């Protein structure tokens with residue numbers, strides 16, 4: 001049984017969440033709290049495995065609570081947030097402050113039903129229960145700051161870096177991307193996120209990074225110094241047009257349960273980029289990206305995964321590693337340096 005503590009200032013929401021979670025035989029709601037001070041006491045008393053957390057609450061908001069909770073008492077947290085531009089931005093702050101997952105409250109604009117939300121919440125609570133959050137102990141949350149300039153790299157429009165991530169990926173990607181130099185080869189990212197969040201996440205990274213970061217659009221050219229993030233709700237592929245690699249957006253079908261899917265991007269990389277490509281699979285639940293990364297390696301791309309120690313959920317990287325899809329596993333703390341070194345090797349035309 002996964003023991004869950006619900007924190008929300010609305011009595012109606014607390015009741016809805018408790019009833020909805022109670023329908024799953026693997027989940028037990030061990031308590032509800034109207035504010036973070038009550039939650040603090042219940043955490044010690046009931047020892048929940050997962051916390052569901054509202055953001056906007058009286059006395060102390062969820063973000064400040066996360067910043068205080070995670071360094072002292074690391075606990076998997078699923079944020080339950082309303083889908084609005086300010087709310088979504090706050091939800092990204094929550095992920096940076098230690099939340100494992102975000103679930104969107106129902107929105108009439110997007111036709112998101114209560115049943116859909118509860119199914120999503122139950123699934124993400126099970127993911128969060130397996131998450132490794134021990135690394136948050138005595139840790140200071142990421143502080144927005146631009147990367148220190150590094151030595152210039154040789155520019156080449158022929159080199160493409162493809163990155164896939166899911167649970168825990170927003171923090172991992174921020175750590176990685178903000179440490180890369182402004183003339184780094186073009187990067188294309190699939191991060192499992194719903195619509196709106198991908199655009200806001202791209203805007204956040206753009207402010208923090210020396211690279212230009214934007215949500216990918218159909219026809220975008222993959223250029224040095226640019227990071228393109230696959231839009232939520234659509235599949236993203238790489239296609240070759242003349243002397244350039246371009247983005248192809250199309251299709252809303254789910255692959256491995258996801259849209260966008262890492263496998264869809266990686267298989268297209270294997271098909272058209274081959275030896276000019278580098279694939280990196282980061283933290284996440286499931287197996288999306290594993291077979292695509294294997295295809296990239298077979299096509300001559302350099303391929304790597306995040307290691308278990310630094311992954312929030314060592315699922316996708318573990319699947320790829322078991323397949324033999326990756327040359328090596330990289331710790332997040334040294335990932336940017338290793339990525340820069342590997343790209344230099346690619347551009348120099350020699351192997352590691």
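The values are calculated or read from the model by the stated rules, or taken from the named source; none is laboratory data. Just so it is clear, the model here is predicted, and its values are computed rather than measured. Glycine gets a Cβ as well: all are built from the backbone with ideal geometry, and neighbour counts include every protein chain shown.
Under 16 Å from the mean Cα position of the chain (by Cα), within 30 Å of residue 26 (Cα to Cα), modelled with pLDDT of 65 or more and crowded, with 20+ Cβ neighbours inside 10 Å, is that true of residue 163?
Numbers: under 16 Å from the mean Cα position of the chain (by Cα): yes; within 30 Å of residue 26 (Cα to Cα): no; modelled with pLDDT of 65 or more: yes; crowded, with 20+ Cβ neighbours inside 10 Å: yes.
When the stated conditions are applied, residue 163 does not pass them.
Can you name the residue in region 216-231 that is more than 20 Å from residue 343 (Cβ to Cβ) and either surrounded by fewer than 21 Cβ atoms within 10 Å (Cβ to Cβ) or in contact (Cβ under 8 Å) with a residue 40 or more places away in the chain (or both) and, of all such residues, is nearest to the chain's Cα centre (by Cα)? Can you show your working first?
Looking only at region 216-231, we keep the residues that are more than 20 Å from residue 343 (Cβ to Cβ), and these are 216-220, 230-231.
Now drop any that are not either surrounded by fewer than 21 Cβ atoms within 10 Å (Cβ to Cβ) or in contact (Cβ under 8 Å) with a residue 40 or more places away in the chain (or both), which leaves 217-220, 230.
Working: 217: 19, 218: 22, 219: 24, 220: 22, 230: 12 Å.
This residue is 230.
Just one of 169, 186 is under 23 Å from residue 315 (Cα atoms), surrounded by 23 or more Cβ atoms within 10 Å (Cβ to Cβ) and in the same structural domain as residue 331 (by TED's automatic domain parsing); which is it? Explain how you work it out, then say what you get.
Numbers: 186 fails: under 23 Å from residue 315 (Cα atoms).
Matching residue, one of 169, 186: 169.
Give me the pairs, please: first residue somewhere in region 295-323 and in the same structural domain as residue 130 (by TED's automatic domain parsing) and free of Cβ contacts under 8 Å to residues at least 40 places away in the same chain, second residue anywhere and surrounded by fewer than 23 Cβ atoms within 10 Å (Cβ to Cβ) and assigned to a strand (DSSP E or B), beta-carbon distance under 6 Å, and either six or more positions apart or on two chains.
So the pair list comes out empty.
Give the residues of region 8-39 that are under 17 Å from residue 64 (Cα atoms), under 27 Å from the mean Cα position of the chain (by Cα) and either part of a helix (DSSP H, G or I) or at pLDDT 95 or above (or both), sorted by residue number.
Within region 8-39, the first condition is being under 17 Å from residue 64 (Cα atoms), and the residues that meet it are 8-9, 33-39.
Checking which are under 27 Å from the mean Cα position of the chain (by Cα) leaves us with 8, 36, 39.
Once the filter is applied, which keeps residues that are under 17 Å from residue 64 (Cα atoms), under 27 Å from the mean Cα position of the chain (by Cα) and either part of a helix (DSSP H, G or I) or at pLDDT 95 or above (or both), region 8-39 yields 36, 39.
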